[in-house]
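Below is one structure, written out as structure tokens; comments come after it.
The values are calculated or read from the model by the stated rules, or taken from the named source; none is laboratory data. The model shown is predicted, which means the values in this text are computed figures rather than measured ones. Quick reminder, even Gly has a Cβ in these numbers, built from the backbone with ideal geometry, and neighbours come from all protein chains shown.
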Amino acid sequence: MNITVTPFGSYNDGRKANLITIESEYGKVCFTDYAASVVSIIVPDKDGNMRDVALGFDSGAEYQANDGGFGAVCGRFANRLVGSKVKLNGTEYQLDKTHELFTLHGGSVGFNKRIWDFATDDKGVTFSLVSADGDQGFPGNMEVSVRYEFSDDGVLSMDFSAQSDKDTPLNLTNHAYFNLSGHGSGDDHQLLQINADFFNPQAVGQLPTGEVRFVEGTVMDFRAEKDVALTSMSEDEQIRIAGGFDHNFLLNKSERGALEYAGSLRSTVTGINMRAYTTMPAMMIYTANGLSKPGKGGAQYGPRAAVCMECQNVPDSMRHTHFPSPVLKAAERYSARTEYRFTHE
């Protein structure tokens with residue numbers, strides 16, 4: 001295991017950006033301190049060639065300038081909170097609005113728009129952040145961290161931790177964009193499988209309704225592996241609302257909080273396969289529907305150039321109490337783990 005820290009440009013306030021690289025016997029993964037973001041995931045393909053399978057940028061300044069959340073940690077509340085208000089312990093909190101109908105990813109200056117502190121050791125890197133009481137409207141002084149490790153057998157692990165001095169809504173995830181044919185390949189025909197019998201439909205405006213719908217007989221049925229690009233061009237109402245896939249799936253779990261299989265993504269071009277495991281109850285699938293911007297090494301990223309597999313709690317679950325509660329109780333420790341396990345065949 002080799003862990004290095006190198007310059008990655010600078011931010012608009014003059015602070016130096018950092019690139020943290022973890023190199024194992026399997027490959028290497030790079031991160032930056034802006035949004036604790038995953039910058040690159042470089043793993044072998046079926047022919048032994050090393051491929052970077054994560055979309056990203058070439059400097060910290062580019063991460064700061066772009067709002068796609070590439071590889072970022074999102075919080076305090078990933079995904080949508082409809083109405084930009086939450087009621088907790090009899091008090092209603094007005095949140096920072098990112099849209100007239102909802103707050104997305106915790107507000108306009110959410111965790112995905114912050115420069116995080118970090119510390120390395122001989123096994124990985126831990127990013128940490130302090131979020132003050134009232135930050136983006138949320139209650140409680142919170143300390144939050146994410147630890148990344150990358151093992152010799154190709155497992156990228158993400159351990160999320162948080163603690164607050166007041167009860168507060170919390171939903172953390174990593175928003176990595178994956179293309180297992182290579183980040184700049186433009187190949188949108190990845191094969192997706194999801195370990196979920198149910199999904200959450202959306203209303204117009206991509207507003208979560210709180211409904212739980214069986215995937216059988218719908219375009220949302222990924223219990224068997226299928227081409228995500230072909231399916232995302234369906235005329236189905238849910239696809240039209242989101243312009244592709246931008247939907248939450250309720251994972252099949254044998255035990256709440258257990259680290260279990262969530263789904264997989266595979267490229268027939270490179271033979272690279274990624275299997276996701278998580279302690280979280282849900283996984284958001286996003287197919288980069290409106291993406292159009294330049295990326296690393298002169299690559300041009302377009303619509304459906306990647307698939308995001310965001311393990312998290314259920315969107316808008318503060319308003320829908322039949323879902324697992326997203327409330328972190330004062331002085332309790334939040335802990336969640338997601339693993340992306342890479343193989344090549």
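Can you list residue pairs whose Cβ atoms sit under 6 Å apart, with the first residue in the stretch 1-30 being crowded, with 18+ Cβ neighbours inside 10 Å and the second being at pLDDT below 95 and not acidic (Asp, Glu)? Count only pairs 6 or more apart in sequence or on different chains.
Between residues of the stretch 1-30 that are crowded, with 18+ Cβ neighbours inside 10 Å and residues that are at pLDDT below 95 and not acidic (Asp, Glu), the close pairs are Ser24/Met1.
All but one of (1) surrounded by 14 or more Cβ atoms within 10 Å (Cβ to Cβ); (2) at pLDDT 95 or above hold for Gly68, so report the exception by its number.
Going through the list (1) surrounded by 14 or more Cβ atoms within 10 Å (Cβ to Cβ); (2) at pLDDT 95 or above, Gly68 breaks only (2).
Scan the stretch 98-139 residue by residue and report those that are closer than 14 Å to Asn79 by Cβ and in a strand (DSSP E or B).
Of everything in the stretch 98-139, those that are closer than 14 Å to Asn79 by Cβ and in a strand (DSSP E or B) turn out to be Phe102, Thr103, Leu104.
Taking into account only those residues within the stretch 243-285 that are of a type in the set (Ser, Thr, Tyr) and out of contact with any Asp or Glu (no Cβ under 6 Å at 6 or more places or on another chain), which is farthest from Ala176 (Cα to Cα)?
My answer is Ser254.
Looking only at the stretch 252-263, decide whether some residue is in contact (Cβ under 8 Å) with a residue 60 or more places away in the chain, within 25 Å of Leu104 (Cβ to Cβ) and in contact with a helix residue (DSSP H, G or I) (Cβ under 8 Å, 6 or more places away or on another chain).
Checked against the condition, which is being in contact (Cβ under 8 Å) with a residue 60 or more places away in the chain, within 25 Å of Leu104 (Cβ to Cβ) and in contact with a helix residue (DSSP H, G or I) (Cβ under 8 Å, 6 or more places away or on another chain), the stretch 252-263 yields no hits at all.
Residue under question is Val38, and the condition is that it be within 30 Å of Asp316 (Cα to Cα), surrounded by fewer than 21 Cβ atoms within 10 Å (Cβ to Cβ) and either of a type in the set (Val, Ile, Thr) or touching a helix residue (DSSP H, G or I) at 6+ places or on another chain (Cβ under 6 Å) (or both); does it hold?
no
Restricted to the stretch 311-345, and to residues that are of a type in the set (Asp, Glu) and outside any strand (DSSP E or B), which residue is surrounded by the fewest Cβ atoms within 10 Å (Cβ to Cβ)?
Once the filter is applied, the top-ranked residue is Glu345.
What's the number of the only condition in (1) in contact (Cβ under 8 Å) with a residue 40 or more places away in the chain; (2) of a type outside the set (D, E, K, R); (3) more than 24 Å from Phe150 (Cα to Cα) that Ser292 fails to meet?
The one condition Ser292 does not meet is (1).
Only one of (1) at pLDDT 95 or above; (2) on the phi < 0 side of the Ramachandran plot fails for Gly106. Which number is that?
The number of the failed condition is (2).
Restricting the stretch 293-308 to residues that are in contact with a strand residue (DSSP E or B) (Cβ under 7 Å, 6 or more places away or on another chain) and part of a loop (DSSP other than H, G, I, E, B), which is surrounded by the fewest Cβ atoms within 10 Å (Cβ to Cβ)?
The selected residue is Gly295.
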